[in-house]
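Everything below concerns the one structure shown next.
Readers should treat all values here as calculations from the given coordinates under stated rules, not as data from a laboratory. Because the structure is a prediction, the values reported are computed rather than measured. Note that we place each Cβ from the backbone using ideal geometry, even for glycine, and neighbour counts take in every protein chain shown.
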Amino acid sequence: MDRSPPVPPSCLSATIILMKPVSKDGENRAMDKGVTDMVTKKINIRAAILVGLLTALFNFAVFYVGVGIFLKTPLLLTNYLAMAVLSLAIGVFSFIFMLFRMFYAAGLFTAGLLVGSAFMLSTFWKGVAGWEDLIGLLSFFVFLAIGLAAGLLVQLIVFLVNKSRKV
């Protein structure tokens with residue numbers, strides 16, 4: 001049985017704060033690349049969820065403004081459901097890119113989303129002889145696909161360059 005005197009709580013907390021995680025070799029484990037902090041991981045997941053939700057909300061708002069206001073289409077429950085599903089699908093892409101720290105892909109995908117949204121809204125606003133809805137949606141999807149493809153291509157190139165430098 002250990003008969004050492006009890007440690008006052010103030011000294012105990014100071015001791016815990018000063019302790020650092022140490023590897024078997026006695027070095028600071030915080031310097032190792034393989035060690036991840038759970039708090040940082042939770043923050044990254046929360047940030048990825050936030051970016052995904054904000055992207056989905058932005059996309060829903062763009063479609064609501066475009067279809068409901070610019071095209072003056074009466075929106076039914078099925079319209080809202082279709083806009084929500086499409087917005088959530090686009091938000092999932094942003095979430096995945098941020099979760100896996102694919103920042104180049106996320107940036108180019110977001111750029112494609114913004115350019116496609118701008119073209120779609122401008123086409124809806126101008127009114128091109130009754131074809132504005134189809135032309136606007138096609139331009140949105142084309143720019144979104146270009147942003148997705150370019151982002152994944154650039155991310156792949158960055159990955160391969162980083163991998164070749166390590167070897």
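Annotation note: of V115, V154, V85, V142, the sole residue that is in contact (Cβ under 8 Å) with a residue 40 or more places away in the chain, under 22 Å from the mean Cα position of the chain (by Cα) and in a helix (DSSP H, G or I) is V154. For the criterion of being surrounded by fewer than 18 Cβ atoms within 10 Å (Cβ to Cβ) and among the small types (G, A, S), A105 fails. Among the residues of this structure, T78 counts as one that is part of a helix (DSSP H, G or I) and without any contact (Cβ under 8 Å) to a residue 12 or more places away in the chain.
Can you tell me which residue in segment 121-150 is surrounded by the fewest Cβ atoms within 10 Å (Cβ to Cβ), limited to those that are in contact with a Phe, Trp or Tyr (Cβ under 6 Å, 6 or more places away or on another chain) and farther than 13 Å from I90 by Cβ? The residue in question is W125.
All of N59, N162, N79 fail the test of being in contact with a helix residue (DSSP H, G or I) (Cβ under 8 Å, 6 or more places away or on another chain) and farther than 23 Å from R46 by Cα, apart from N79.
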